[in-house]
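Structure first, then comments.
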């Protein structure tokens, strides 16, 4: 039954109850008028159901045709909607411990995404694509680093450092290639790690539509995956800049980082990554002419540029925390606002296994007692440093007021 038909059926039942109440109150005239409305509503409902029956019959005929086509060896690949339905039904059947519809089972079995090495099953690629799209928000740090898709759990990549600023030599016709200028090659080894958590859902979720169940699950996975990958990227940034922090207290300190400390090729593609506190500090800072050093991006007025050149990327203080300065071992006397400046795509590589898997359980912990189901979700990736000189961490020290 469609959503529209269900809504109309509810109105019919409500109208019946209202008519009974009018009869009990002796309001015969009002009851007759209400009954006329009820008849009209009932007719509309019957028409809707007839249309849905026709549609179901049409769908059945089409499925029969598709099956006949498949037998002839001309079967078409399932649509994205079919895959989504089959995926949700697999989850629901797993929660209910019931047998999966044969048609949906064939769709899931026909795909390469089946059981993974840790148990459970892999999320179909089309669904993962939707999750990736939901993950791409302004505070998604993954978009600012280099991402390398990988198909193995461990391996390595050989990349050239300073590739943008190291030109090729001239080579005469039929001459041998010289080796005087050896590229600065660096091997980056990766080992895919497993991250994950459990989403506890109630039985009521199973009564919802496949679209709503999938939408709820996708949003949750996207948020948790983004938070997990952000944390890993920030941890790696902190590691490669540890003990090399630069104090920032004036506009000239900022200029020195981009003019001198960073290589010109790196500075040309640099961004500034900071938190709410650091952004607010920069947003109130003025140069010697009294102009604010942050200027709106002419291509997008919602974004700001440092010195009108370097994009500012702001994340929450909860994500990128301020460091505490304690003078007597207990009381906080100041805070250090973090300011990462450089080309993060040159500094860090995220090796993405591109494989999200799901496992279901109704027996773990206190789930059974609370009539809940646990959906265990796993994500796999690794974050490694490449060019540690491609990013500088600045620290803005601000005393605690009072």
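The values are calculated or read from the model by the stated rules, or taken from the named source; none is laboratory data. The model shown is predicted, which means the values in this text are computed figures rather than measured ones. Positions of Cβ are backbone-derived with ideal geometry, glycine not excepted, and every protein chain shown enters the neighbour counts.
For segment 295-308, the set of residues classified as in contact (Cβ under 8 Å) with a residue 24 or more places away in the chain and surrounded by fewer than 20 Cβ atoms within 10 Å (Cβ to Cβ) consists of 307 only.
Looking across 263, 300, one residue alone is modelled with pLDDT under 95, in the same structural domain as residue 190 (by TED's automatic domain parsing) and under 24 Å from the mean Cα position of the chain (by Cα). It is 300. Among the residues of segment 316-344, those that are under 25 Å from residue 146 (Cβ atoms) and buried (at least 20 other Cβ atoms within 10 Å of the Cβ) comprise 320, 338, 339, 340, 341, 342, 343, 344. Limited to segment 330-361, what total is found for residues that are under 30 Å from residue 92 (Cβ atoms) and not in a strand (DSSP E or B)? Looking only at that region, the number is 4. For segment 1-38, how many residues are assigned to a helix (DSSP H, G or I) and more than 30 Å from residue 209 (Cβ to Cβ)? Of the residues in segment 1-38, 15 are assigned to a helix (DSSP H, G or I) and more than 30 Å from residue 209 (Cβ to Cβ). With respect to residue 139, determine if the residue is in a loop (DSSP other than H, G, I, E, B), modelled with pLDDT under 90 and within 16 Å of the chain's Cα centre (by Cα). When the stated conditions are applied, residue 139 passes them.
Criterion first (part of a strand (DSSP E or B) and closer than 27 Å to residue 157 by Cβ) does residue 237 satisfy it? When the stated conditions are applied, residue 237 does not pass them.
Would you be able to say whether some residue in segment 46-58 is at pLDDT 75 or above, at positive phi and surrounded by fewer than 16 Cβ atoms within 10 Å (Cβ to Cβ)? There is no residue in segment 46-58 that is at pLDDT 75 or above, at positive phi and surrounded by fewer than 16 Cβ atoms within 10 Å (Cβ to Cβ). The combined condition, being modelled with pLDDT under 80, touching a strand residue (DSSP E or B) at 6+ places or on another chain (Cβ under 9 Å) and in the same structural domain as residue 270 (by TED's automatic domain parsing), is fulfilled by residue 203.
Residues in segment 194-206 that are outside any helix (DSSP H, G or I) and over 14 Å from residue 377 (Cα atoms): 202 alone. Can you confirm whether segment 237-252 contains a residue that is within 20 Å of the chain's Cα centre (by Cα) and in the same structural domain as residue 339 (by TED's automatic domain parsing)? No, because not a single residue in segment 237-252 is within 20 Å of the chain's Cα centre (by Cα) and in the same structural domain as residue 339 (by TED's automatic domain parsing). Scan segment 13-43 for residues that are within 30 Å of residue 207 (Cα to Cα) and surrounded by 14 or more Cβ atoms within 10 Å (Cβ to Cβ) and the total you get is 6. Looking across segment 266-285, the residues that are under 28 Å from the mean Cα position of the chain (by Cα) and part of a helix (DSSP H, G or I) come down to 266, 276, 277, 278, 279, 280.
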